[in-house]
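Quick notes on the structure that follows.
The values are calculated or read from the model by the stated rules, or taken from the named source; none is laboratory data. This is a predicted model, so every value here is computed, not measured. Because the Cβ atoms are built from the backbone with ideal geometry, glycine has one as well, and the counts that use them run over all protein chains shown.
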Amino acid sequence: MFGLVVIVLSVIIAVVAYFIAPDPSPYANRIILEIGGEKPGYQQRFLKVKNTRVIETTSLFTRLTSGTIDQYNYLPITSNETKADSIIVQKYIDEGLGERQSYHISDVAQNPIVRKTFLLGTDKYGRDILSRLIIGTRVSLSVGLITVIISLSIGLILGSLAGYYRGRIDDVIMWFINVIWSIPTLLLVFAITLALGKGFWQVFIAVGLTMWVNVARLVRGQVLGVRELEYVEATRALGFSDVRTIVRHIWPNIMGPVMVIAASNFASAIVIEAGLSFLGVGVQPPQPSWGLMIKENYNFIITQNPMLALAPGFAIMVLVLAFNLLGNGLRDALNVRGRI
(Lines give C-alpha, C1' and ligand atoms only; values in the text may rest on other atoms or scores of the structure.)
Protein backbone atom coordinates (compact mmCIF):
# COMPACT_ATOMS: atom_id res chain seq x y z
CA MET A 1 0.00 0.00 0.00
CA PHE A 2 2.91 2.36 0.69
CA GLY A 3 4.23 1.72 -2.82
CA LEU A 4 0.79 2.26 -4.33
CA VAL A 5 0.31 5.55 -2.45
CA VAL A 6 3.71 6.85 -3.62
CA ILE A 7 2.94 5.85 -7.23
CA VAL A 8 -0.49 7.49 -7.19
CA LEU A 9 1.00 10.68 -5.75
CA SER A 10 3.72 10.62 -8.41
CA VAL A 11 1.13 10.25 -11.17
CA ILE A 12 -0.89 13.19 -9.79
CA ILE A 13 2.28 15.31 -9.55
CA ALA A 14 3.24 14.39 -13.13
CA VAL A 15 -0.19 15.33 -14.50
CA VAL A 16 -0.44 18.73 -12.76
CA ALA A 17 3.33 19.40 -12.72
CA TYR A 18 3.19 22.83 -14.36
CA PHE A 19 0.42 24.02 -12.04
CA ILE A 20 2.27 23.16 -8.81
CA ALA A 21 5.88 23.87 -9.88
CA PRO A 22 7.25 27.22 -8.61
CA ASP A 23 8.70 27.74 -12.10
CA PRO A 24 5.92 26.99 -14.64
CA SER A 25 7.99 27.93 -17.70
CA PRO A 26 8.51 25.17 -20.35
CA TYR A 27 10.82 22.50 -18.89
CA ALA A 28 11.26 24.74 -15.78
CA ASN A 29 14.10 26.34 -17.72
CA ARG A 30 14.07 29.86 -16.25
CA ILE A 31 17.81 30.60 -16.26
CA ILE A 32 19.10 33.22 -13.79
CA LEU A 33 22.87 32.81 -13.83
CA GLU A 34 23.48 35.24 -10.95
CA ILE A 35 21.90 32.86 -8.43
CA GLY A 36 23.41 29.59 -9.69
CA GLY A 37 24.38 26.85 -7.23
CA GLU A 38 22.52 28.19 -4.20
CA LYS A 39 21.65 26.01 -1.21
CA PRO A 40 18.14 24.80 -0.20
CA GLY A 41 15.99 27.52 1.35
CA TYR A 42 17.75 30.31 -0.55
CA GLN A 43 15.68 33.50 -0.81
CA GLN A 44 16.09 36.29 -3.33
CA ARG A 45 14.18 39.43 -4.34
CA PHE A 46 13.44 39.94 -8.04
CA LEU A 47 12.32 42.77 -10.28
CA LYS A 48 9.82 41.58 -12.88
CA VAL A 49 10.74 43.26 -16.16
CA LYS A 50 8.33 42.85 -19.08
CA ASN A 51 9.45 40.45 -21.79
CA THR A 52 10.12 42.22 -25.08
CA ARG A 53 8.82 39.25 -27.06
CA VAL A 54 5.13 38.96 -27.87
CA ILE A 55 3.70 36.28 -25.55
CA GLU A 56 0.58 34.61 -26.88
CA THR A 57 -2.16 33.57 -24.49
CA THR A 58 -1.86 29.85 -23.79
CA SER A 59 -4.82 27.53 -23.41
CA LEU A 60 -5.43 25.40 -20.33
CA PHE A 61 -4.37 22.25 -22.20
CA THR A 62 -1.12 23.88 -23.36
CA ARG A 63 -0.34 25.02 -19.81
CA LEU A 64 -1.02 21.49 -18.57
CA THR A 65 1.25 19.82 -21.13
CA SER A 66 4.09 22.27 -21.74
CA GLY A 67 3.82 25.15 -19.25
CA THR A 68 3.62 28.88 -19.83
CA ILE A 69 6.26 31.11 -21.41
CA ASP A 70 7.36 33.77 -18.91
CA GLN A 71 5.82 37.18 -19.50
CA TYR A 72 8.54 38.75 -17.37
CA ASN A 73 12.29 38.51 -17.00
CA TYR A 74 13.32 38.01 -13.38
CA LEU A 75 16.13 40.38 -12.37
CA PRO A 76 17.77 39.57 -8.99
CA ILE A 77 18.10 42.71 -6.87
CA THR A 78 19.35 43.72 -3.43
CA SER A 79 17.52 47.04 -3.08
CA ASN A 80 15.00 49.22 -4.89
CA GLU A 81 13.45 52.69 -4.77
CA THR A 82 10.82 54.48 -6.81
CA LYS A 83 11.44 58.01 -8.11
CA ALA A 84 8.75 59.75 -10.18
CA ASP A 85 7.99 57.42 -13.08
CA SER A 86 11.09 55.23 -12.66
CA ILE A 87 12.14 52.37 -10.42
CA ILE A 88 15.81 52.27 -9.49
CA VAL A 89 17.30 48.97 -8.37
CA GLN A 90 20.65 47.57 -7.32
CA LYS A 91 21.03 44.47 -9.48
CA TYR A 92 22.58 41.47 -7.69
CA ILE A 93 25.60 40.12 -9.59
CA ASP A 94 27.51 38.23 -6.90
CA GLU A 95 28.12 38.34 -3.17
CA GLY A 96 29.04 41.95 -2.41
CA LEU A 97 28.84 42.95 -6.08
CA GLY A 98 25.97 44.86 -7.68
CA GLU A 99 25.02 47.20 -10.50
CA ARG A 100 22.69 50.22 -10.37
CA GLN A 101 19.93 50.08 -13.01
CA SER A 102 16.83 52.11 -13.76
CA TYR A 103 13.54 51.09 -15.45
CA HIS A 104 10.46 53.04 -16.45
CA ILE A 105 7.33 51.95 -14.60
CA SER A 106 5.71 50.96 -17.90
CA ASP A 107 8.53 48.42 -18.47
CA VAL A 108 7.90 46.45 -15.29
CA ALA A 109 5.01 44.47 -13.82
CA GLN A 110 2.21 46.09 -11.87
CA ASN A 111 3.65 44.56 -8.70
CA PRO A 112 7.29 44.62 -9.78
CA ILE A 113 9.07 43.31 -6.68
CA VAL A 114 8.67 39.66 -5.64
CA ARG A 115 10.56 37.51 -3.17
CA LYS A 116 11.09 33.87 -4.10
CA THR A 117 12.22 30.99 -1.93
CA PHE A 118 14.06 28.09 -3.57
CA LEU A 119 13.23 25.20 -1.27
CA LEU A 120 15.78 22.82 -2.83
CA GLY A 121 18.17 25.47 -4.08
CA THR A 122 19.21 26.30 -7.65
CA ASP A 123 21.44 24.50 -10.14
CA LYS A 124 24.51 26.01 -11.78
CA TYR A 125 22.30 27.83 -14.28
CA GLY A 126 20.12 29.36 -11.58
CA ARG A 127 17.11 27.12 -12.32
CA ASP A 128 14.81 26.01 -9.52
CA ILE A 129 15.70 22.43 -8.52
CA LEU A 130 12.26 21.72 -7.03
CA SER A 131 10.47 22.71 -10.25
CA ARG A 132 12.75 20.58 -12.41
CA LEU A 133 12.34 17.69 -9.97
CA ILE A 134 8.54 17.91 -10.22
CA ILE A 135 8.48 18.12 -14.02
CA GLY A 136 11.13 15.39 -14.28
CA THR A 137 8.59 13.01 -12.72
CA ARG A 138 6.88 12.95 -16.11
CA VAL A 139 9.95 11.54 -17.83
CA SER A 140 10.49 8.75 -15.29
CA LEU A 141 6.84 7.66 -15.27
CA SER A 142 6.56 7.96 -19.06
CA VAL A 143 9.63 5.85 -19.76
CA GLY A 144 8.40 3.23 -17.30
CA LEU A 145 4.91 3.11 -18.80
CA ILE A 146 6.01 2.95 -22.44
CA THR A 147 8.72 0.40 -21.60
CA VAL A 148 6.19 -1.84 -19.86
CA ILE A 149 3.77 -1.55 -22.81
CA ILE A 150 6.49 -2.46 -25.34
CA SER A 151 7.97 -5.27 -23.24
CA LEU A 152 4.55 -6.79 -22.44
CA SER A 153 3.45 -6.62 -26.07
CA ILE A 154 6.52 -8.41 -27.41
CA GLY A 155 6.96 -10.73 -24.44
CA LEU A 156 3.35 -11.91 -24.34
CA ILE A 157 3.25 -12.67 -28.06
CA LEU A 158 6.59 -14.49 -28.34
CA GLY A 159 6.27 -16.27 -24.99
CA SER A 160 2.76 -17.46 -25.81
CA LEU A 161 3.79 -18.74 -29.25
CA ALA A 162 6.77 -20.61 -27.80
CA GLY A 163 4.82 -22.15 -24.92
CA TYR A 164 1.66 -23.03 -26.84
CA TYR A 165 3.10 -24.53 -30.03
CA ARG A 166 6.38 -25.91 -28.60
CA GLY A 167 8.55 -27.87 -31.04
CA ARG A 168 10.46 -25.97 -33.72
CA ILE A 169 8.74 -22.64 -32.98
CA ASP A 170 9.74 -22.92 -29.32
CA ASP A 171 13.35 -23.73 -30.26
CA VAL A 172 13.68 -20.74 -32.60
CA ILE A 173 12.08 -18.25 -30.21
CA MET A 174 14.10 -19.49 -27.22
CA TRP A 175 17.31 -19.28 -29.27
CA PHE A 176 16.49 -15.67 -30.13
CA ILE A 177 15.62 -14.90 -26.48
CA ASN A 178 18.90 -16.42 -25.28
CA VAL A 179 20.89 -14.36 -27.80
CA ILE A 180 19.24 -11.11 -26.62
CA TRP A 181 19.56 -12.21 -22.99
CA SER A 182 23.32 -12.72 -23.39
CA ILE A 183 23.90 -9.08 -24.41
CA PRO A 184 24.36 -6.70 -21.43
CA THR A 185 21.31 -4.45 -21.10
CA LEU A 186 23.19 -1.14 -21.16
CA LEU A 187 25.26 -2.25 -24.15
CA LEU A 188 22.12 -3.15 -26.08
CA VAL A 189 20.48 0.13 -25.09
CA PHE A 190 23.56 2.02 -26.31
CA ALA A 191 23.41 0.22 -29.65
CA ILE A 192 19.71 0.97 -30.14
CA THR A 193 20.15 4.57 -28.98
CA LEU A 194 23.01 5.11 -31.44
CA ALA A 195 20.85 3.66 -34.23
CA LEU A 196 17.75 5.72 -33.37
CA GLY A 197 19.55 8.84 -32.12
CA LYS A 198 19.45 10.69 -28.82
CA GLY A 199 16.17 12.08 -27.55
CA PHE A 200 13.01 11.79 -25.52
CA TRP A 201 11.16 9.13 -27.53
CA GLN A 202 14.24 7.22 -28.64
CA VAL A 203 15.21 6.33 -25.08
CA PHE A 204 11.69 4.95 -24.46
CA ILE A 205 11.92 2.62 -27.44
CA ALA A 206 15.50 1.63 -26.66
CA VAL A 207 14.72 0.64 -23.06
CA GLY A 208 11.47 -1.10 -24.06
CA LEU A 209 13.17 -3.24 -26.70
CA THR A 210 15.66 -4.58 -24.16
CA MET A 211 13.27 -5.59 -21.38
CA TRP A 212 10.89 -7.99 -23.13
CA VAL A 213 13.05 -11.11 -22.76
CA ASN A 214 12.29 -11.78 -19.09
CA VAL A 215 8.58 -11.28 -19.83
CA ALA A 216 8.77 -13.75 -22.72
CA ARG A 217 10.54 -16.40 -20.61
CA LEU A 218 7.99 -16.04 -17.80
CA VAL A 219 5.02 -16.18 -20.18
CA ARG A 220 6.43 -19.24 -21.94
CA GLY A 221 6.76 -21.11 -18.65
CA GLN A 222 3.24 -20.13 -17.58
CA VAL A 223 1.72 -21.17 -20.93
CA LEU A 224 3.56 -24.52 -20.84
CA GLY A 225 1.93 -25.23 -17.48
CA VAL A 226 -1.54 -24.04 -18.47
CA ARG A 227 -1.90 -25.48 -22.00
CA GLU A 228 -2.50 -29.01 -20.70
CA LEU A 229 -5.28 -28.05 -18.26
CA GLU A 230 -8.88 -29.11 -18.81
CA TYR A 231 -10.30 -25.71 -19.81
CA VAL A 232 -7.72 -25.38 -22.61
CA GLU A 233 -8.57 -28.90 -23.82
CA ALA A 234 -12.22 -27.82 -23.77
CA THR A 235 -11.48 -24.87 -26.09
CA ARG A 236 -9.89 -27.29 -28.58
CA ALA A 237 -12.87 -29.63 -28.35
CA LEU A 238 -15.22 -26.72 -29.04
CA GLY A 239 -13.21 -25.80 -32.12
CA PHE A 240 -11.95 -22.41 -30.94
CA SER A 241 -9.03 -20.94 -32.85
CA ASP A 242 -5.57 -20.89 -31.28
CA VAL A 243 -5.61 -17.09 -31.13
CA ARG A 244 -8.90 -17.06 -29.20
CA THR A 245 -7.66 -19.79 -26.88
CA ILE A 246 -4.47 -17.87 -26.08
CA VAL A 247 -5.96 -14.38 -25.80
CA ARG A 248 -9.29 -15.06 -24.11
CA HIS A 249 -8.57 -18.15 -22.03
CA ILE A 250 -4.84 -18.48 -21.34
CA TRP A 251 -3.75 -14.85 -20.91
CA PRO A 252 -6.33 -13.93 -18.22
CA ASN A 253 -5.14 -16.90 -16.15
CA ILE A 254 -1.44 -16.05 -16.27
CA MET A 255 -1.73 -12.29 -15.67
CA GLY A 256 -0.79 -12.50 -11.99
CA PRO A 257 2.93 -13.25 -12.50
CA VAL A 258 2.98 -10.98 -15.56
CA MET A 259 1.73 -8.01 -13.50
CA VAL A 260 4.45 -8.67 -10.91
CA ILE A 261 7.22 -8.67 -13.51
CA ALA A 262 5.67 -5.57 -15.15
CA ALA A 263 6.06 -3.68 -11.86
CA SER A 264 9.66 -4.86 -11.64
CA ASN A 265 10.32 -3.77 -15.24
CA PHE A 266 8.79 -0.37 -14.47
CA ALA A 267 11.34 0.15 -11.70
CA SER A 268 14.23 -1.12 -13.83
CA ALA A 269 13.25 1.19 -16.69
CA ILE A 270 13.39 4.24 -14.39
CA VAL A 271 16.92 3.32 -13.27
CA ILE A 272 18.11 2.61 -16.83
CA GLU A 273 16.67 5.89 -18.14
CA ALA A 274 18.37 7.79 -15.32
CA GLY A 275 21.64 6.06 -16.14
CA LEU A 276 21.35 6.85 -19.84
CA SER A 277 20.56 10.50 -19.13
CA PHE A 278 23.50 10.68 -16.73
CA LEU A 279 25.78 9.32 -19.46
CA GLY A 280 24.41 11.86 -21.95
CA VAL A 281 22.61 9.49 -24.35
CA GLY A 282 19.13 9.76 -22.84
CA VAL A 283 16.85 12.77 -22.47
CA GLN A 284 18.56 15.89 -23.80
CA PRO A 285 18.70 19.38 -22.18
CA PRO A 286 16.82 21.52 -21.39
CA GLN A 287 14.18 18.85 -20.73
CA PRO A 288 14.47 17.88 -17.05
CA SER A 289 15.31 14.27 -16.22
CA TRP A 290 16.40 13.06 -12.81
CA GLY A 291 19.47 11.36 -14.27
CA LEU A 292 20.36 14.48 -16.25
CA MET A 293 19.98 16.61 -13.10
CA ILE A 294 22.47 14.37 -11.29
CA LYS A 295 24.88 14.70 -14.21
CA GLU A 296 24.62 18.49 -14.24
CA ASN A 297 25.11 18.85 -10.47
CA TYR A 298 27.15 15.86 -9.28
CA ASN A 299 30.27 18.00 -8.90
CA PHE A 300 28.47 19.91 -6.11
CA ILE A 301 28.49 16.72 -3.96
CA ILE A 302 32.11 17.31 -2.93
CA THR A 303 31.72 21.08 -2.69
CA GLN A 304 29.33 23.31 -0.82
CA ASN A 305 25.92 22.08 -1.99
CA PRO A 306 25.45 18.29 -2.27
CA MET A 307 21.61 18.52 -2.22
CA LEU A 308 21.58 19.59 -5.89
CA ALA A 309 22.55 16.04 -6.90
CA LEU A 310 21.14 14.17 -3.89
CA ALA A 311 17.55 15.44 -4.39
CA PRO A 312 17.00 13.72 -7.79
CA GLY A 313 18.86 10.67 -6.44
CA PHE A 314 16.44 10.40 -3.52
CA ALA A 315 13.51 10.83 -5.95
CA ILE A 316 14.75 7.92 -8.08
CA MET A 317 15.27 5.79 -4.97
CA VAL A 318 11.77 6.43 -3.57
CA LEU A 319 9.96 5.81 -6.87
CA VAL A 320 11.91 2.62 -7.64
CA LEU A 321 11.32 1.38 -4.09
CA ALA A 322 7.59 2.08 -4.51
CA PHE A 323 7.35 -0.06 -7.65
CA ASN A 324 9.35 -2.88 -6.08
CA LEU A 325 7.09 -2.83 -3.01
CA LEU A 326 4.04 -2.83 -5.27
CA GLY A 327 5.45 -5.82 -7.16
CA ASN A 328 6.01 -7.73 -3.91
CA GLY A 329 2.48 -6.87 -2.77
CA LEU A 330 0.98 -8.04 -6.07
CA ARG A 331 2.95 -11.28 -5.86
CA ASP A 332 1.56 -12.01 -2.39
CA ALA A 333 -1.99 -10.96 -3.30
CA LEU A 334 -2.12 -12.95 -6.55
CA ASN A 335 -0.40 -16.09 -5.23
CA VAL A 336 -3.65 -17.94 -4.64
CA ARG A 337 -2.07 -21.38 -4.33
CA GLY A 338 0.34 -20.17 -1.66
CA ARG A 339 -2.55 -19.12 0.58
CA ILE A 340 -4.39 -22.43 0.50
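I want to confirm something. Restricting to region 16-44 and keeping residues that are part of a helix (DSSP H, G or I) and among the β-branched types (Val, Ile, Thr), which single residue is nearest to TYR72 (Cα to Cα)? Reasoning before the result, please.
Here is the first cut: in region 16-44, the residues part of a helix (DSSP H, G or I) are 17-20, 26-28, 33-35.
Next, only the ones that are among the β-branched types (Val, Ile, Thr) stay: 20, 35.
Details: ILE20: 19, ILE35: 17 Å.
Per the criteria, the residue is ILE35.
Let's see how each residue does on (1) touching a helix residue (DSSP H, G or I) at 6+ places or on another chain (Cβ under 8 Å); (2) in a loop (DSSP other than H, G, I, E, B); (3) more than 30 Å from TRP290 (Cα to Cα); (4) at pLDDT 85 or above:
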position: PHE46; (1), (2), (3), (4): no, no, no, yes
position: GLN110; (1), (2), (3), (4): no, no, yes, yes
position: ILE113; (1), (2), (3), (4): no, no, yes, yes
position: ILE135; (1), (2), (3), (4): yes, no, no, yes
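From the list ARG53, ARG45, ARG100, ARG63, which residue is among the charged types (D, E, K, R) and surrounded by 14 or more Cβ atoms within 10 Å (Cβ to Cβ)? Even if it seems obvious, please write down each step before you answer.
Details: ARG53 fails: surrounded by 14 or more Cβ atoms within 10 Å (Cβ to Cβ); ARG100 fails: surrounded by 14 or more Cβ atoms within 10 Å (Cβ to Cβ); ARG63 fails: surrounded by 14 or more Cβ atoms within 10 Å (Cβ to Cβ).
Only one candidate qualifies: ARG45.
For region 91-142, what are the residues that are over 36 Å from the mean Cα position of the chain (by Cα), among the acidic types (Asp, Glu) and within 18 Å of ASP70 (Cα to Cα)?
Result: ASP107, single match.
A quick yes/no check of all residues on (1) at pLDDT 90 or above; (2) buried (at least 20 other Cβ atoms within 10 Å of the Cβ):
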| residue | (1), (2) |
| --- | --- |
| PHE204 | no, yes |
| VAL207 | no, yes |
| LEU238 | no, no |
| ASN253 | no, no |
| ALA267 | yes, yes |
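Quickly run through region 154-208 and pick out the residues that are farther than 13 Å from GLU273 by Cα and not in a helix (DSSP H, G or I).
ARG166, ILE183, PRO184, GLY197
Before we move on, is ALA309 part of a helix (DSSP H, G or I), of a type in the set (A, V, I, L, M) and modelled with pLDDT under 90?
When the stated conditions are applied, ALA309 passes them.
Restricting the first residue to region 23-50 and requiring it to be in the same structural domain as GLN71 (by TED's automatic domain parsing), which pairs with a second residue that is of a type in the set (Asp, Glu) and in a helix (DSSP H, G or I) meet a Cβ separation below 6 Å and a spacing of at least six or different chains?
That search, which allows pairs on different chains as well, returns LYS50/ASP107.
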